[in-house]
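I am attaching a structure below and will ask some questions about it afterwards.
Just so you know, all these numbers are worked out from the coordinates, no wet-lab data involved. Values in this document were obtained by computation on a predicted structure and should not be read as measured data. Glycine also receives a Cβ, built like all others from the backbone with ideal geometry; neighbour counts cover every protein chain displayed.
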Amino acid sequence: MNTNIYTSRSRIVITCSKRLSPYLEQEVKELGFELERVFATGVELFGTVNDCIRLNLNLRCASQVHYSLLEFTAKNPDELYRVLADYPWENIIQKDGYFSVTCNVDTPSINNTMFVNVKVKDSIVDRIRTKTSKRPNSGSELSGAVVYLFWKENHAEVFVDTSGETLSKHGYRKIPGKAPMLEALATSTLLATKWDRNSPFVNPMCGSGTLAIEAAMLATNRRPGLLRTNYSYMHFLGYEESVHRQEVAKLKSQVKEVSGLIIVASDNREDAISISKVNAGIAGVEHLIHFQVCDFEETELPERPGVIYFNPEYGERLGEVSALEKTYARLGDFLKKKCQGYMGYIFTANLDLAKKIGLKASRRVEFYTAKLDCRLLEFELYSGTRREVKETKEITE
């Protein structure tokens, strides 16, 4: 067997955090791929590792892109070892290279996933040493070739993890700040809003700037692949750097400037704004964001309405929650009095605090952050009363 994984089609499973799959599905379809299946934590399609290169470079909402090598039945670690030792690893892993193994295991015969990792590594190393008289190095760093095992009950499947380090981090946030929102989650919540990527986007309480940076990257079609130089797919036999270079050249050519784009990020802490500026500079979008050091109520709003998006603290201790009740009430007053004509969004994991906002949400979109059940609350902030807006619309029609 001498299959080139870069040009041979197989099943591709793209994973994401829970509740992000609708936005991942949207992204993959926009890239022109046909999906076979959408599930709670990912999507499935067919393609080559060269297709995986394109997916890795473009996707904002994904975690990993896995390319299937083989499926089989294994009741215990010895059976797992025997099947993997028969696979021609010498055709895809460099005999004097480096690889690592990750796994997701839920089978009765195993209570220690590290033991499974070692078993998979041993089978690969033993096979390559038998066939080539040399052996690759292995370790826990995901900086080289990565092999991924999914093993549930008696069903096992082995993949090339073409990503390596997770795609959910987009590579610009060198200084995270306090309790930052994961980049893939931030983008997904933006895709869930009604922002048109042309009208103003305002992000008070910006923290380390993730939402404003992701908004700027979305508006100008800057892809995460422009900020990252190493993926697992670069370290398997058959990789052609020219394919990667061509895809990166496409990314660069697709970047666009949006005339009149206004993105505002404010925070009452100078250090937060300093961190945001550094992160935005790495992402290449600092020139697109207007930064302000001020309380959220003093944020200078563009005259032309757009979207205003808050990601306030949720409060994990009783004292914090009590203090935040006033903050959430102030948020509601600010949206009601100062943001007429805008679409307002508040992302929170504390639905009790959300009641203090004092506005009725027109939509509630479910998300998770870490293991917290979250909601993106949408508020239609009419410039007059709802009745006045409706009457004006009827007259114009």
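Quick check on packing: order 377-383, 33-39 by the mean number of other C-beta atoms within 10 Å, highest mean leading.
377-383, 33-39
Restricting the count to DSSP beta bridges whose residues both fall in the chain, what percent are antiparallel, rounded to a multiple of 5?
60
Given the C-alpha centroids of region 54-86 and region 198-269, what is the distance between them in whole angstrom?
Going from one Cα centre to the other spans 28 Å.
Sticking with this structure for a sec: Taking Cα pairs under 8 Å and at least six residues apart, what relative contact order does region 10-161 come out at, in percent?
25
Moving to a separate point now. For the chain, what is the mean residue ellipticity at 222 nm derived from helices alone (per DSSP H run of n ≥ 4: -39500 (n - 2.57); sum divided by total residues; nearest 500 deg cm²/dmol)?
-10500 deg cm²/dmol
Hand me the GluC sites (Glu not before Pro) from region 84-168 located in a DSSP loop with no more than 12 other Cβ atoms within 10 Å, in residue order please.
Within region 84-168, the qualifying GluC sites (Glu not before Pro) (loop, at most 12 other Cβ atoms within 10 Å) are GLU141, GLU153.
Further question: Under 5 Å between amide hydrogens, which residues at least 5 positions from ILE262 or on another chain qualify, with H placed 1.01 Å from N in the peptide plane?
It is PHE201, by chain and number.
Given +1 on the Cβ of Lys and Arg, -1 on the Cβ of Asp and Glu, and no further charges, what dipole in debye does the chain carry about its Cα centre, rounded to the nearest 20?
60
In whole percent, what relative contact order does the chain give with Cα contacts below 8 Å and a gap of six or more residues?
With pairs under 8 Å counted, the relative contact order is 14 percent.
Where a Cα-Cα gap under 30 Å defines reach, which lysines qualify for LYS338, not counting those fewer than 8 residues away within the same chain?
Counting by Cα, and skipping residues close in sequence, LYS338 has these lysines nearby: LYS178, LYS194, LYS277, LYS326, LYS355, LYS356, LYS360, LYS390, LYS393.
Let me ask something else about it. To the nearest 10 degrees, how steeply does helix 241-254 sit against the main Cα axis of the chain, on a 0 to 90 scale?
The answer is roughly 10 degrees.
May I pose another question? If the cut-off is 16 Å between C-alpha atoms, which lysines fall inside it for LYS75, apart from same-chain ones fewer than 8 positions away?
LYS119, LYS152
Sticking with this one: Taking the Cα centre of region 198-350 as origin and charging only Cβ (+1 Lys, Arg; -1 Asp, Glu), how large is the dipole, in debye to the nearest 20?
Here the size comes out at about 480 debye.
Give me D for region 10-161 in µm² s⁻¹, whole number, from Stokes-Einstein with Rh from the Kirkwood sum over alpha-carbon pairs, 4 °C and 1.567 mPa s.
80
Tabulate in residue order the Karplus-calculated ³J(HN,Hα) for region 21-33, using 6.51 cos²θ - 1.76 cosθ + 1.60 with θ = phi - 60°, rounded to whole Hz; enter x for Gly and Pro.
Values, residue by residue: 4, x, 7, 5, 4, 4, 4, 5, 5, 5, 7, x, 8 Hz.
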